[in-house]
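Working notes, beginning with the structure itself.
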Amino acid sequence: MLREPERAAIDRLWQRKLSQDAAGLPKSERHRNLEPASAAFLCALALGVGAKRMLEIGGSSGISTIALASAAREVNGTLISIEIDAARQTESRETLRRLNLERFVDYVCGDAIEVLPSVAQMDLVLLDCEKEDYIGFFDMLNVSRGGFVIADNIISHSLNDYVAHVRKTPMVESITFNIGKGLEVTRFP
């Protein structure tokens, strides 16, 4: 569960993100983080299903990383955090170190297309990267039976192609939640 220092760190990162957006910074200079409500949901879901092996693709400067590492702490699990931007990942690492959560995270700085083939089976995966990569990354994932894939920005970016793709995948159950910018939660039975 998210503790008060973790909630405060999430709030700090979110306020900075809003300031960057308001200043009209180019996309490449902004930190693109998960919304606080989505982070709280993600943490609760991970805890609720007892996810021990988690993966995030696109950790940015750490809001989702805090949420998932907090869940990992409670179940003695681990999170692999893939981020392509080294500066953002460095900030995430520093934040999680201050929160005593870094030991639950294996940071990988690189392109997920190159990293995913070597990633073992996961119980829970967060997709929060370049939206055009969602379908390809989804198809590359190795998700455990009863595992979940959560994709962010479903509503804000009108990711109808992704939703249609996961919903036609045999044997999965998927639903869109109007939390934050929209989360598609897909369960592998």
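The values are calculated or read from the model by the stated rules, or taken from the named source; none is laboratory data. As the structure is a computational prediction, the values presented were derived from the model and not from experiment. All Cβ positions, glycine included, derive from the backbone under ideal geometry; neighbour counts span all protein chains shown.
For the reader, a short list of remarks on this structure follows.
- Scanning segment 84-142 for residues that are among the aliphatic types (A, V, I, L, M) and farther than 30 Å from VAL163 by Cβ, we see that the one that is modelled with the lowest pLDDT is ALA87.
- Only one entry in ILE63, ILE10 is out of contact with any Cys (no Cβ under 9 Å at 6 or more places or on another chain), crowded, with 18+ Cβ neighbours inside 10 Å, modelled with pLDDT of 95 or more and within 18 Å of SER156 (Cβ to Cβ), namely ILE63.
- Taken together, the residues in segment 1-22 that are touching a residue at least 12 places away in the same chain (Cβ under 8 Å), assigned to a helix (DSSP H, G or I) and more than 20 Å from LEU183 (Cβ to Cβ) amount to 3.
- Inter-residue pairs, beta-carbon under 9 Å, first touching a residue at least 40 places away in the same chain (Cβ under 8 Å) and on the phi > 0 side of the Ramachandran plot and in segment 173-189, second outside any loop (DSSP other than H, G, I, E, B) and aromatic (Phe, Trp, Tyr), 6+ apart: GLY180/PHE41
- For segment 92-128, taking the residues that are in contact (Cβ under 8 Å) with a residue 40 or more places away in the chain and of a type in the set (Asp, Glu), the one that is surrounded by the most Cβ atoms within 10 Å (Cβ to Cβ) is identified as ASP128.
- Selection of first residues in segment 23-37 that are more than 17 Å from HIS157 (Cα to Cα) and of second residues that are acidic (Asp, Glu) and at pLDDT 90 or above, restricted to Cβ pairs under 7 Å at least 6 apart or on distinct chains, gives the following pairs, ordered by first then second residue: PRO36/ASP11.
- Qualifying residue in segment 42-53 (condition: free of Cβ contacts under 8 Å to residues at least 40 places away in the same chain, more than 21 Å from GLU184 (Cα to Cα), in a helix (DSSP H, G or I) and of a type outside the set (A, V, I, L, M, F, W, C)): no
- Condition check for LEU68: touching a residue at least 12 places away in the same chain (Cβ under 8 Å), under 24 Å from MET140 (Cα atoms), in contact with an Asp or Glu (Cβ under 7 Å, 6 or more places away or on another chain) and not in a loop (DSSP other than H, G, I, E, B): yes
- Any hit, segment 48-62, residues being under 26 Å from GLY146 (Cα atoms) and more than 17 Å from the chain's Cα centre (by Cα): no
- Test: residue in segment 81-90 that is closer than 22 Å to GLY110 by Cβ, in contact (Cβ under 8 Å) with a residue 40 or more places away in the chain and either aromatic (Phe, Trp, Tyr) or assigned to a helix (DSSP H, G or I) (or both): yes
- Of residues in segment 143-156 being more than 14 Å from the chain's Cα centre (by Cα) and surrounded by 15 or more Cβ atoms within 10 Å (Cβ to Cβ), the one nearest to ILE57 (Cα to Cα): VAL143
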